[in-house]
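The values are calculated or read from the model by the stated rules, or taken from the named source; none is laboratory data. Quick caveat, the model's predicted, so the values are computed rather than measured. All Cβ positions, glycine included, derive from the backbone under ideal geometry; neighbour counts span all protein chains shown. Note: accessible area is taken over every heavy atom of the protein model, side chains too, but ligands, DNA and RNA are not part of it. Shrake-Rupley method; radii C 1.70, N 1.55, O 1.52, S 1.80 Å.
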Amino acid sequence: YKYHPMSEITDWMDMIAKNYSDVASLVEYGKTYENRPISLLKIGPTTGVRKKAIWMDCGIHAREWISPAFCQYFVKQLLETYKTDSQIKEMMTNMDFYVTPVLNIDGYIYTWTTDRLWRKSRSPGALGCNCSCDCNGTDLNRNFNANWGTVGVSFNCCSQVYPGSKPLSESEAQAVVDFVEKRKDDILCFLTIHSYGQLLLVPYGHPSIAAPNYDELMKVGLAAAEAIKKVHGMEYTVGTSPDVLYANSGSSRDWARLTGINFSYTFELRDKGEHGFKLPEEQIQPTCEEAYSGAMHIISYVHDKTFKGTGSAAATATATLWMVLLAVGAALL
């Protein structure tokens, strides 16, 4: 329930892999522009068979500190409950969880050392293009090959939404694509965690394109928002980015859906602008508790649809259970 610099998050990841070696391991899957390793925690016991998986990444935008905090919380909850909670144990038996606590490591470190509100990567803006630019950084969430460069971007490389010189010009985005594409037939759900705005965004960011399973994405998203609300009463709005926020292109969420992962969501965590990117530490715990309930609703739905031929009923039961457990925990604080 504190914000941690990258060195502490790295040490924590090492500790998790060591202390829970039966179900957790570190996987390095790329390098940042500044040559730092990009690693994820793979959570799930080895079963000897090929497993389905859930993807979650945090910290793609450097200044959104609540995002890495949530990934840490999510891992902690999985590892502290899988031995005693039969539903979590079943999901971990059937699926692996790939969790990247900080994707934009260079940018995140920069927010601790130089500019708290830095958003982008740290590569030169003119990288890979025949242009002159003195600004650094590409918006990693505009750099994926999903209607790249069409809406919600600026090709002024000093812009906060500069999409790069071409799709996947950034090594961080390329690392995600390389890892996920090799496993796209196994990944059931792609969750990318951001702030702020209290939103659950479904594909697509382009206003002229609709996901083929839009109705189901909305149904599951709305139920997840209801699960979130039951924890601390916070309202989350569900919809496509053009409908509830703004049009954009090149997002990892849209890329995941285009590549064939049916369930892809962006979480925009607290708040709605009072504190913005500088969410106070006292709000970390309630933010994580409610977002965990929402995420688990989505994950339970896709798990049960895949392994039980069901969906909403079982997922709702799981979300309700977590709501009760979180309420009990809050009462004991």
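Summed over the stretch 149-185, residues that are open to solvent by 40 Å² or more (accessible area, probe 1.4 Å) and of a type in the set (Gly, Ala, Ser) total 1. Sub-7 Å Cβ pairs linking a first residue in the stretch 170-199 that is acidic (Asp, Glu) to a second residue that is part of a strand (DSSP E or B) and open to solvent by less than 10 Å² (accessible area, probe 1.4 Å), at least 6 apart or interchain, are GLU172/ILE38; ASP186/ALA53, ordered by first then second residue.
Just to be sure, is THR10 surrounded by fewer than 19 Cβ atoms within 10 Å (Cβ to Cβ) and modelled with pLDDT under 95? Write out each step before concluding.
Working: surrounded by fewer than 19 Cβ atoms within 10 Å (Cβ to Cβ): yes; modelled with pLDDT under 95: no.
The answer is no for THR10.
Restricting the first member to the stretch 142-166 and to residues that are closer than 21 Å to ASP178 by Cα, and the second to residues that are of a type in the set (Phe, Trp, Tyr) and open to solvent by 40 Å² or more (accessible area, probe 1.4 Å), the beta-carbon pairs closer than 7 Å and six or more apart or on different chains are PRO163/TRP148. Apart from one condition, CYS158 fits all of (1) under 17 Å from the mean Cα position of the chain (by Cα); (2) in a loop (DSSP other than H, G, I, E, B); the exception is (1). In the stretch 186-195, is there at least one residue being open to solvent by 10 Å² or more (accessible area, probe 1.4 Å), aromatic (Phe, Trp, Tyr) and under 21 Å from the mean Cα position of the chain (by Cα)? Looking through the stretch 186-195, none of the residues is open to solvent by 10 Å² or more (accessible area, probe 1.4 Å), aromatic (Phe, Trp, Tyr) and under 21 Å from the mean Cα position of the chain (by Cα). CYS133 fulfils the conditions (1) in a loop (DSSP other than H, G, I, E, B); (2) touching a strand residue (DSSP E or B) at 6+ places or on another chain (Cβ under 9 Å); (3) under 22 Å from LEU217 (Cα atoms); (4) hydrophobic (A, V, I, L, M, F, W, C) except for a single criterion, (3).
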